[in-house]
């Protein structure tokens, strides 16, 4: 029987906080992207600061299967140059900060994220 180790950090559905791309709010994201990735990133930013492919009413990505590599969770470790041991804690901290800045500290999205983290411990 195989045991699958759950990670402490994971995305939650219907969050979309990572789709808030306003460059003034995401300097840490931009700083790790290559010049080519930054150009692609800026093309995605809508006038309201959200990704042009993010459906805010349904909280889904309209190009999910074709989204850029920097939007893919499995690439974050390499993009942010984290060591495996630091990635989960940094990801949890970053997600909490970002969710809080978008939806508020008492939002249902942050509560759901925190519950997910507790489940995965």
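Coordinate-derived values only; no laboratory data. Everything quoted here is computed from the prediction, not taken from an experiment. A quick note on method: Cβ atoms are made from the backbone with ideal geometry, for glycine too, and the neighbour counts reach across all protein chains shown.
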With a 10 Å radius around each residue's Cβ, average the other Cβ atoms per peptide and rank 104-115, 15-26, highest first. 15-26, 104-115
Which distance in Å, rounded to a whole number, links the C-alpha centroids of the range 9-29 and the range 37-72? 10
Over the range 17-120, what is the mean sequence separation of C-alpha contacts under 8 Å (at least six apart), divided by residue count, expressed as relative contact order in percent? 21
Rounded if a/c is under 1.5, else prolate if a/b is larger than b/c, else oblate: which is the range 24-121, with a ≥ b ≥ c the root eigenvalues of its Cα gyration tensor? oblate
